[in-house]
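Notes follow once the structure below has been shown.
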Amino acid sequence: MATLPAISGQEAVRVFESFGWTAARQKGSHIIMTKKGEIVTLSIPNHKEVARGTLRSLIRSANLTVDEFVAAL
């Protein structure tokens, strides 16, 4: 399994967009992403660095693997 790099919220949004997620709205410092056909929404903190545990949880919620996510960086 690949290790997660320290990335910003904007970088995370770009990677999730490459997998078909779209930014639906922003509330404060969190970007809410949705995907057609998915019940789950992703709430990505728009910070300089997203905590690795938070990022891993977002990846799991999006039904991706860490390897797929890192490869898309």
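The values are calculated or read from the model by the stated rules, or taken from the named source; none is laboratory data. Being a predicted model, the structure only gives us computed values, none of them experimental. Here the Cβ positions follow ideal geometry from the backbone for every residue, glycine too, while neighbour counts run over all protein chains shown.
Looking only at segment 12-32, how many residues end up being more than 15 Å from Ala62 (Cβ to Cβ) and not polar (S, T, N, Q)? The qualifying residues number 4.
Within segment 64-73, track down each residue that is under 11 Å from the mean Cα position of the chain (by Cα) and outside any helix (DSSP H, G or I). Selection gives Leu64 alone.
Among the residues of segment 14-47, those that are closer than 13 Å to Phe69 by Cβ, surrounded by fewer than 18 Cβ atoms within 10 Å (Cβ to Cβ) and either in contact with a Phe, Trp or Tyr (Cβ under 7 Å, 6 or more places away or on another chain) or not charged (D, E, K, R) (or both) comprise Ser18, Phe19.
Evaluated against (1) part of a loop (DSSP other than H, G, I, E, B); (2) modelled with pLDDT of 95 or more, Arg60 falls short on exactly one condition, (1). For segment 24-47, the set of residues classified as in a loop (DSSP other than H, G, I, E, B), over 15 Å from Ala12 (Cα atoms) and out of contact with any Ser or Thr (no Cβ under 8 Å at 6 or more places or on another chain) consists of Gly28, Lys36, Gly37, Glu38, Ile39, listed by residue number.
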